[in-house]
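Chemist: For reference, the structure I am asking about is given below.
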Amino acid sequence: MIVSPLMTVMVDAVRKAARGLKRDFGEIENLQVSRKGPGDFVTAADRKAEATLREALMKARPGYGLIMEESGVIEGQDKTHTWHVDPLDGTTNFLHGVPHFCISVGLEREGTIVAAVIYEPIKDELYLAERGKGAFLNNKRLRVAGRQDLADSLALYGSPYLGRGSHPRLLKELAAVMAVTGGVRQTGSAALDLAAVACGRADVYWERDIKTWDMAAGLLLVREAGGFASSADGGADPMTAGSVACGNEVLQRELVAILRKVGG
Ligand code: IPD
Ligand code: CA
Ligand code: CA
């Protein structure tokens, strides 16, 4: 477990926002039956969670900048620190009453992610990492899975929303990965996919067209759990490339080789 003033700030903010999200998720079932569905309600829940996080983080670290999914970029006086915040990752799941979603908060210091919190309210699973101090799930130290053969592996992927990214390219990648792995899944939460690789529940994960708030925290979890992460094409920085491929050292390298071979 990591005990530091920074972690306390992050965990308090995330837990506070999670209480509202959990309450709102409880309402979703009642709204499914309406013709319009719970769309506006979910947007409001998302915004409320973001406002709670923004307020708590700005109060605790007034100078830091923020990059948030709903509010966009909020410049801080301290140009060396930026929070990357997704108040609700897994929106489509939430909207449909599927209990697989989380809050993700990562802190970047001069281009390096140094602290991460991902919280899954329904399972009460809290993932933490600080650079150089390891990654933890509910106080238990995390290690990526050790499998060395893709044929035994579970692979996760994400697909772009309708109208964004390239579905044809993903289908080609999927065919190539499916042909050599033990199983392939799409969960609907990029942050939890990264967390799953960090704790060894999944072996590899890749996705294109994702944002810094989707991946900042999860990337640190993976790396602090001994895993490797690059862009989907093998580039050094997923955050600037907007894509990710991760896993243990061996399988991550093999995944990238497959994705490169498929090409654009
Ligand atoms: C999305 C989820 C999804 C991923 C998308 C993200 P949202 O975030 O992480 O798994 O495939 O790329 O945009 O919209 O639920 O916050
Ligand atoms: Ca997201
Ligand atoms: Ca979101």
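Chemist: Along the charge dipole of the chain, which of A179, S166, A151 sits closest to the positive end, that is, farthest toward it, with unit charges on the beta carbon of Lys, Arg, Asp and Glu (+1, +1, -1, -1)?
Modeler: Towards the positive end, the residue furthest out is A151.
Chemist: What accessible area per residue, rounded to a whole number of Å², is obtained for the chain using a probe radius of 1.4 Å?
Modeler: Result: 46 Å² of accessible area for each residue.
Chemist: What would the Debye formula give as log10 I(q)/I(0) at q = 0.08, 0.12, 0.16 Å⁻¹ for the alpha-carbon point model of the chain, no solvent?
Modeler: So the normalised log intensities are -0.30, -0.68, -1.19.
Chemist: Taking only DSSP H segments of four or more residues, each worth -39500 (n - 2.57), what value at 222 nm results for the chain once the sum is divided by all its residues, to the nearest 500 deg cm²/dmol?
Modeler: One gets -13000 deg cm²/dmol as the mean residue ellipticity at 222 nm.
Chemist: Shifting gears a bit: List the pair-distance distribution P(r) of the range 150-263, using every Cα-Cα distance, as the percent of pairs falling in each 10 Å bin from 0 up to the bin containing the longest distance, rounded to whole percents.
Modeler: With 10 Å bins starting at 0, P(r) equals 16, 55, 28, 1.
Chemist: What does the highest-first list of 152-160, 199-207 look like by mean Cβ count within 10 Å?
Modeler: Top of the packing list down: 199-207, 152-160.
Chemist: Just the C-alpha atoms of the range 18-94: what Rg/Rh do they give, with Rh taken as the Kirkwood radius?
Modeler: Checking Rg against Rh, the ratio lands at 1.08.
Chemist: For the range 5-141, take the alpha-carbon Rg, divide it by the Kirkwood Rh, and send me Rg/Rh.
Modeler: Using only Cα positions, Rg/Rh for the range 5-141 is 1.00.
Chemist: Then there is this: Mind putting a number on the dipole of the chain about its Cα centre? Charges go on the C-beta only, +1 for Lys and Arg and -1 for Asp and Glu, and I need it in Debye to the nearest 20.
Modeler: Its charge dipole is roughly 200 debye.
Chemist: Can you pick out the pairs among K16/K133; K59/K211; K22/K59; K123/K211; K16/K79; K16/K172 whose Cα atoms lie more than 31 Å from each other?
Modeler: Among K16/K133; K59/K211; K22/K59; K123/K211; K16/K79; K16/K172, the Cα-Cα distance tops 31 Å for K16/K172.
Chemist: Right, another one. Tell me the carbon and sulfur percent of the accessible area for the chain, rounded to whole percent, probe radius 1.4 Å.
Modeler: Carbon-and-sulfur percentage of accessible area, whole number: 51.
Chemist: With a point put 7 Å past each Cα toward its Cβ, work out how far E75 is from E125 in nm, to one decimal.
Modeler: About 4.0 nm separates the two model spin labels.
Chemist: Taking the chain as a Gaussian network, Cα atoms linked when under 10 Å apart, which of A229, A179, A49 shows the biggest mean-square fluctuation?
Modeler: A179
The values are calculated or read from the model by the stated rules, or taken from the named source; none is laboratory data. Computed from a prediction, not measured in an experiment: that's the story for all the values here. Quick reminder, even Gly has a Cβ in these numbers, built from the backbone with ideal geometry, and neighbours come from all protein chains shown. The accessibility values were calculated without ligands, DNA or RNA, using every heavy atom of the protein model including side chains. Shrake-Rupley method; radii C 1.70, N 1.55, O 1.52, S 1.80 Å.
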